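Single-structure report; data block below.
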Amino acid sequence: MAKKTDEKDILLVRDEKTGELGVVGGLRSDGSPRTVPAKPEHSKDFMTFDRHGDLIDNFFKNFFRQCKDPSRFGFYRIAADQAEKLLEVMKELLKNPAANAELLSPHKVDTSGYEKTVTEEEKNLNGQQETQTEKEMEQDNRKPENGQDAPSEKKGYQPIDESRIDWEKFEAQYGLTREDLEKSKSLDKLLNYRKSEPLTVRVEVLGEIQELGARLELKRMPDGSVDFVPDFVRKEPRLDEPHKGYTFTDEDRKALRQTGNLGRVVNLADKDTGELVPSYISIDRFTNRIEDVPVNKVRIADRIGKTEINENERNLLRAGGYVHKEIELANGRKFQTILQVSALDRSVEFVPRTARIWQGEQHGQRENRRRSASQENGGEVRKNSRQWTDENGNIKPIGKWKGVELTEQQKADYISGKTVRLENVPDKQGNPATIYIKFNMEKGRPFRYDTDPDKGQVIAPSNESRTQIAVNNEGKTNEATKHIKEPLQQGQTAPVNEGQQRQQRSKGVRI
């Protein structure tokens with residue numbers, strides 16, 4: 001019969017010298033149990049263990065590795081979902097453990113096996129260290145003839161050695177090349193232990209090649225090589241399940257869905273030690289994976305570009321909060337943004353304008369415009385024929401535009417508020433054109449552009465589709481083609497054959 005994996009326990013710990021009772025909340029730096037009052041109102045701080053998982057094994061191994069007096073503590077397991085009912089009963093029984101030994105027996109944790117395992121591991125480790133010391137002594141006796149020591153290996157931070165990557169294997173597995181990673185600005189991130197930008201990978205699924213959205217990550221393999229590990233897009237983040245011992249509240253889930261960041265610091269259980277570590281939590285807005293990073297791994301800079309971040313603002317960011325700020329970059333560009341710590345980037349990020357933080361701050365302005373429009377239209381407000389955002393204000397994904405399918409990369413760019421360039425989009429006459437689309441937060445819907453709205457650059461080649469769209473779609477005229485009866489083709493700015501030249505000349509003759 002398969003084991004249930006959703007059953008969870010909590011640990012009660014009794015100090016056998018003082019008789020004090022508490023619930024395990026983790027391990028202290030000296031290895032002793034960190035306790036939480038054994039009261040239901042403190043249940044959010046209880047450390048929970050999968051009944052058939054490895055977390056409790058890791059907890060007790062680290063307890064015996066670090067605690068100076070492990071025999072001082074006795075441990076008892078009770079079901080997490082029955083904790084409120086059982087805590088008072090266990091308190092009464094543990095006032096006299098000897099007299100109530102029979103009743104406590106089903107809950108008593110036998111830790112002797114863990115202690116034995118740790119003792120054997122330490123013996124083996126000591127033997128390995130002695131052997132290593134002997135090898136180092138032999139190397140010291142074999143110095144170069146000039147009496148100087150051989151150059152020591154470079155210490156400190158070292159990025160991943162690119163020469164250890166099998167690029168042919170990578171291309172075969174994911175349908176991408178090294179050049180693709182460079183173009184997407186992902187290679188440098190990967191070599192520095194970070195995840196790639198959102199990518200579309202081509203993988204074999206049940207014998208068929210499929211295109212899937214994913215981020216990639218480089219990880220060291222047991223044989224010393226490095227390999228790519230994909231993180232595929234999920235339908236939605238798993239916010240109803242505990243994350244490293246922490247259970248999300250309704251407010252937590254709301255914040256993560258609206259902004260992508262939890263917005264505060266919480267304690268997460270270290271998978272190896274069981275120790276609770278203050279951490280930030282975010283959602284990868286592309287893959288929907290829950291990411292976390294310890295607070296002490298994130299540096300809050302005192303300056304971004306030319307803009308100073310003052311002490312109060314840094315303290316707010318350290319606490320997970322957000323700061324609305326005008327930023328001036330080194331190149332002189334200025335813009336309004338919202339700063340917040342991202343666990344995915346392990347640093348302070350510019351929160352995307354699609355986040356509800358922006359929408360909340362701009363709600364008053366939009367509401368005023370809505371009321372003005374309502375008054376001008378006799379109290380009626382015209383509604384969009386299509387709902388482009390969900391109930392939380394997030395941009396809904398689109399699969400195609402005017403019949404043109406979007407790639408996974410284009411879909412990801414669109415829902416993150418970026419501009420998407422589309423080729424061969426039919427104009428009103430059915431002829432292919434090159435356009436840009438981008439979601440307009442003020443209007444609450446996507447807009448089509450003939451030029452890149454972020455750069456203000458004309459589509460290359462010059463006038464390729466601008467003239468075509470202006471004439472065919474918008475009713476405008478072009479002097480060189482205004483008498484031609486047929487719709488203009490892509491790139492056309494003048495007559496293309498003898499018939500069109502004749503039409504243009506004949507209409508131009510004055511009688």
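Every read-out reported here was derived from the displayed coordinates using simple, explicitly stated rules and does not represent laboratory data. From a predicted model like this one, the values you see are computed outputs, not experimental measurements. Using ideal geometry, Cβ is built from the backbone for each residue, glycine included, and neighbour counts are taken over all protein chains shown.
Just want to confirm a number: the relative contact order over region 8-115, from Cα pairs under 8 angstrom separated by 6+ residues, in percent. Relative contact order here is 32 percent.
How do the peptides 401-408, 96-103 rank, highest first, by the average count of neighbouring beta carbon atoms within 10 Å per residue?
Working: 401-408: 13.8, 96-103: 11.0.
Top to bottom by mean Cβ count within 10 Å: 401-408, 96-103.
For region 285-353, the square roots a ≥ b ≥ c of the C-alpha gyration tensor eigenvalues yield an a/c of 1.5 or more together with a/b not exceeding b/c, which makes the shape oblate. When the Cα gyration tensor is reduced to axis lengths a ≥ b ≥ c, the ratio a/c is 1.5 or higher for region 165-232, and with a/b not above b/c it is classed as oblate.
When a/c is below 1.5 the answer is rounded, else prolate if a/b is larger than b/c, else oblate, so apply that to region 8-115 with a ≥ b ≥ c taken from the square roots of the Cα gyration tensor eigenvalues. Walk me through the intermediate numbers first.
Details: a/c = 1.40, a/b = 1.17, b/c = 1.20.
The shape class here is rounded.
List, in the order given, every pair from K17/K95; K185/K271; K254/K325; K185/K411 whose Cα-Cα distance in the structure shown is over 20 Å.
On the way: K17/K95 12 Å; K185/K271 32 Å; K254/K325 24 Å; K185/K411 18 Å.
In this structure, K185/K271; K254/K325 exceed 20 Å between Cα atoms.
Positive contributions from Lys and Arg (+1) and negative ones from Asp and Glu (-1), summed over other residues with Cβ under 11 Å from the Cβ of A214, come out at -1.
When only alpha carbons are used to place a centre, region 65-80 and region 94-114 end up 12 Å from one another. For the pair region 288-307 / region 242-285, the C-alpha centres are spaced 15 Å from each other.
When only DSSP loop residues count, what GluC sites (Glu not before Pro) in region 10-88 have their Cβ near at most 13 other Cβ atoms within 10 Å? Write down the numbers at each step before the final one.
Details: sites: E16, E20, E41, E84, E88; in loops: E16, E20.
Qualifying residues, ordered by number: E16, E20.
Assuming charge only on the beta carbon of Lys and Arg (+1) and of Asp and Glu (-1), the dipole of region 250-356 about its Cα centre is about 420 debye to the nearest 20. Among I209, I338, the ranking by other beta carbons within 10 Å of each residue's beta carbon, starting with the fewest, stands as I209, I338.
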